[in-house]
Amino acid sequence: SFIGEESVAAGQGSILTDNPTWIIDPIDGTTNFVHRFPFVAVSIGFVVNKKIEFGIVYSCVEDKMYTARKGKGAFCNGQKLQVSGQQDITKSLLVTELGSNRDPETIKIVLSNMERLLSIPIHG
């Protein structure tokens, strides 16, 4: 099976089944792309039985290829990635996105989540 983000965004429905399925977003960061902001990628995932098996993200402008496979770790241009090991959230930097959905109920949920995140004493 095949699920394309752009077709779903255009209103075509998709149902994730147990079938082996490719999930592809050819312009991940469409808003960034439209505004010429250089954080754009091609994202590809492969799912079997509704569980991700591997994913690939190619950051076009940076020329970085991120890959990950279930149980095998994650890599950037072939170099193994790992989390920092930082356990104190007050020494962390938080990155988030608001999304593009402007439905009033969705906005309430997003702002509520942001309020909870902003109450944590993080670096930024």
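The values are calculated or read from the model by the stated rules, or taken from the named source; none is laboratory data. Keep in mind it's a predicted model, so treat the numbers as computed, not measured. Cβ: placed from backbone, ideal geometry, glycine included. Neighbour counts: every protein chain shown. Just so you know, the surface numbers come from the protein's heavy atoms only, side chains and all, with ligands and any DNA or RNA stripped out. Shrake-Rupley method; radii C 1.70, N 1.55, O 1.52, S 1.80 Å.
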When you scan the stretch 92-111, do you find a residue that is farther than 30 Å from Ile15 by Cα and modelled with pLDDT of 90 or more, even just one? no
Every residue in the stretch 57-69 that is at pLDDT 95 or above and open to solvent by 80 Å² or more (accessible area, probe 1.4 Å), please. Asp63, Arg69
Among the listed residues Ile15, Ile56, identify the single one that is among the β-branched types (Val, Ile, Thr) and in contact (Cβ under 8 Å) with a residue 12 or more places away in the chain. Ile56
Counting only strands (runs of 3 or more DSSP E) wholly inside the stretch 1-84, the ones holding at least 2 residues that are of a type in the set (Ser, Thr, Tyr) are 51-59, 64-69
List the number of the failed condition for Ser100; all other conditions in (1) surrounded by fewer than 10 Cβ atoms within 10 Å (Cβ to Cβ); (2) assigned to a loop (DSSP other than H, G, I, E, B); (3) within 21 Å of the chain's Cα centre (by Cα); (4) without any contact (Cβ under 8 Å) to a residue 60 or more places away in the chain hold. (4)
